[in-house]
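Peer 1: Okay, handing you the structure first.
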Amino acid sequence: MKTLIDTDGKRLEKLADKCHGKKDALISLLQDIQLENNWLSQQVLRGVAEKLNIPLTEVYGVATFFKAFSLKPRGRHIVTACVGTACHVRGAPRLVDELRNILKIAPGETTPDKIFTLETVNCLGACALGPVVVIDGVYHGQATRSKVRMLIEEIRKLETRKRKTNHDKAKKQPSS
Amino acid sequence: MINLKINGISVQAEAGTTLLEAARFYGLEIPTLCHLEGLSPYGACRLCVVEIGEESRSRLASSCTYPAEEGLKVRTASERVIKARKMILELLLASCPQSKVIQDLASKYGIRRQRFRQEHEDCILCGLCVRMCKEQMSAQAIGFHGRGNKRGISTPFDLKSEVCRLCGGCIHVCPACQLRCTYNQPEEAICGGCANISPPCLEKEKFHDMMCYMDPCVACEIKNEK
Ligand code: FES
Ligand code: FES
């Protein structure tokens with residue numbers, strides 16, 4: 001498991017040290033944290049403001065400005081459906097409905113088990129492949145409902161397996 | 001000294017002054033909304049447009065941010081300028097019809113009818129309060145957040161700010177807001193601040209049942225209905 005940026009700020013300190021207290025490193029620092037944590041918590045943003053000596057209003061302004069930053073916890077797997085014009089006419093709405101059904105969440109939301117986040121986007125610049133669904137950065141062109149369903153199922157299986165092994169490990173450890 | 005022509009008159013301006021300052025120095029009127037002496041120019045409202053350049057190839061520019069240039073020809077009240085200004089005012093009026101400041105400006109420019117749907121926003125994003133808080137009060141308690149149609153002004157995370165001293169400066173400069181600056185004494189206020197619904201740094205409850213001098217102040221009710 002990746003280290004989440006902890007509340008006592010050790011990891012944050014390490015990342016911030018790389019910026020040498022430079023104010024213009026704000027965005028890249030936020031990106032680093034976003035990459036590691038999948039979201040930016042209030043605590044983290046306060047920490048960043050303190051470390052880089054930037055007013056919190058500014059940090060908050062930047063963090064809310066860019067779409068790449070999320071101020072809400074996001075799932076481990078990001079599912080992005082394109083609903084741009086080209087994808088729309090090729091059936092994106094049906095795909096989104098299907099994704100809603102499978103994941104039981106609306107676009108912009110995260111499943112309670114924190115595994116999936118569903119998002120929509122207006123054109124990915126890959127219209128020829130439409131309808132496009134991106135799962136964890138991998139583009140799936142000419143997506144169909146069954147294809148999407150399969151991909152999601154796969155991730156679900158992977159996650160349950162992972163949870164099991166983690167569980168087993170945790171069980172074994174105390175005895176050893 | 002820079003020599004330029006404003007409305008056909010040769011004038012002089014010190015280097016580094018803006019067109020707005022130069023024009024005002026000579027007593028020419030240019031309306032502004034997001035400009036305030038003592039705060040850095042921002043160029044958000046575009047109300048201060050003037051026409052610059054030769055007649056045939058002229059263009060519009062915001063005078064509050066445009067520096068005076070040698071030999072520049074400026075027209076502060078040409079037909080094109082007035083037309084643009086009227087349009088801006090109509091749009092501002094549509095987004096914030098309850099604002100006394102905007103109403104007055106609109107009436108001055110002869111706008112008698114509302115062509116666009118009224119939005120009753122509580123903010124026109126002129127950024128005066130943000131600059132006031134930062135540049136004059138050195139607090140930076142409020143700032144912009146989001147972008148596009150989600151852009152707004154608030155304290156970080158919309159929580160009560162730790163650095164706000166309740167000076168009321170933000171409300172004092174707000175053109176959309178009618179609350180007279182009363183520091184932190186709601187008893188003294190004329191208006192309930194409801195007009196602006198969320199004066200970012202004040203506790204709203206205290207201002208709850210006060211009346212605005214535009215009585216009845218409709219803004220909060222309209223907002224609530226939505
Ligand atoms: S519309 Fe989907 S990629 Fe362009
Ligand atoms: S006063 Fe110049 S843009 Fe607002």
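The values are calculated or read from the model by the stated rules, or taken from the named source; none is laboratory data. Here the structure is a predicted model, which is why all the values come from computation and not from measurement. Methodologically, a virtual Cβ is constructed for each residue, glycine included, from the backbone with ideal geometry; neighbour enumeration extends over all protein chains shown. These accessible areas exclude ligands, DNA and RNA; they are computed on the full protein's heavy atoms, side chains included. Shrake-Rupley method; radii C 1.70, N 1.55, O 1.52, S 1.80 Å.
Peer 1: Run A:CYS87 past the list (1) assigned by TED's automatic domain parsing to the domain that holds A:GLU153; (2) surrounded by fewer than 16 Cβ atoms within 10 Å (Cβ to Cβ) and report the number of the one that doesn't hold.
Peer 2: With (1) assigned by TED's automatic domain parsing to the domain that holds A:GLU153; (2) surrounded by fewer than 16 Cβ atoms within 10 Å (Cβ to Cβ) applied to A:CYS87, the lone miss is (2).
Peer 1: While we're on this one: Are there any pairs with C-beta distances below 9 angstrom linking a residue in the range A:51-79 that is more than 8 Å from every other protein chain (Cβ to nearest Cβ) to a residue that is open to solvent by less than 30 Å² (accessible area, probe 1.4 Å) and among the acidic types (Asp, Glu), with the two at least 6 apart or on different chains, and if so which?
Peer 2: A:ARG76/A:GLU159; A:HIS77/A:GLU159
Peer 1: Could you please find all residues in the range A:148-176 being loosely packed, with under 15 Cβ neighbours inside 10 Å and within 25 Å of A:CYS82 (Cα to Cα)?
Peer 2: A:ARG149, A:MET150, A:GLU153, A:GLU154, A:LYS157, A:LEU158
Peer 1: Does A:CYS19 count as open to solvent by less than 20 Å² (accessible area, probe 1.4 Å), away from chain B (no Cβ under 14 Å), farther than 30 Å from A:ARG163 by Cβ and at pLDDT 90 or above?
Peer 2: So A:CYS19 fails the test.
Peer 1: Being within 26 Å of B:ILE171 (Cβ to Cβ) and within 17 Å of the chain's Cα centre (by Cα), is that true of even one residue in the range B:79-86?
Peer 2: No, the range B:79-86 has no match at all.
Peer 1: May I ask you to verify whether B:LEU72 is of a type in the set (A, V, I, L, M, F, W, C), more than 13 Å from ligand 2 (Cβ to nearest atom) and either on the phi > 0 side of the Ramachandran plot or open to solvent by 10 Å² or more (accessible area, probe 1.4 Å) (or both)?
Peer 2: So B:LEU72 fits the description; yes.
Peer 1: How about the range B:128-165: which of its residues are more than 14 Å from A:PRO55 (Cα to Cα), open to solvent by 40 Å² or more (accessible area, probe 1.4 Å), in a helix (DSSP H, G or I) and within 12 Å of another protein chain (Cβ to nearest Cβ)?
Peer 2: Within the range B:128-165, B:GLY148, B:LYS150, B:ASP158 qualify.
Peer 1: Kindly provide the set of residues from the range B:36-92 that are within 21 Å of B:LEU128 (Cβ to Cβ) and of a type in the set (Lys, Arg), ordered by number.
Peer 2: Passing the criteria: B:ARG46, B:ARG85.
Peer 1: Inspect all residues belonging to the range B:97-106 and state whether any of them is in the same structural domain as B:TYR42 (by TED's automatic domain parsing), modelled with pLDDT of 90 or more and open to solvent by 20 Å² or more (accessible area, probe 1.4 Å).
Peer 2: yes
Peer 1: Taking A:GLY108, is it more than 14 Å from chain B (Cβ to nearest Cβ) and either open to solvent by less than 20 Å² (accessible area, probe 1.4 Å) or of a type outside the set (Phe, Trp, Tyr) (or both)?
Peer 2: no
Peer 1: Now for a different question. Being in contact with a Lys or Arg (Cβ under 6 Å, 6 or more places away or on another chain) and more than 20 Å from A:TRP39 (Cβ to Cβ) narrows it down to one of A:GLU153, A:GLU98, so name that one.
Peer 2: That would be A:GLU98, the only listed residue that is in contact with a Lys or Arg (Cβ under 6 Å, 6 or more places away or on another chain) and more than 20 Å from A:TRP39 (Cβ to Cβ).
Peer 1: Quick one: is A:LYS169 free of Cβ contacts under 8 Å to residues at least 12 places away in the same chain and away from ligand 1 (no atom under 14 Å from the Cβ)?
Peer 2: yes
Peer 1: Out of the residues in the range B:10-44 that are in contact with a helix residue (DSSP H, G or I) (Cβ under 8 Å, 6 or more places away or on another chain) and open to solvent by less than 20 Å² (accessible area, probe 1.4 Å), state the one that is farthest from ligand 1 (Cβ to nearest atom).
Peer 2: B:VAL11
Peer 1: Additional query: Say whether the condition of being part of a loop (DSSP other than H, G, I, E, B) and under 23 Å from the mean Cα position of the chain (by Cα) is met by at least one residue in the range B:5-12.
Peer 2: no
Peer 1: Next question. Tell me, which helices (runs of 4 or more DSSP H) wholly within the range A:25-71 include 2 or more residues that are over 24 Å from B:ASN149 (Cα atoms)?
Peer 2: In the range A:25-71, the matching helices (runs of 4 or more DSSP H) lie at A:26-37, A:42-52.
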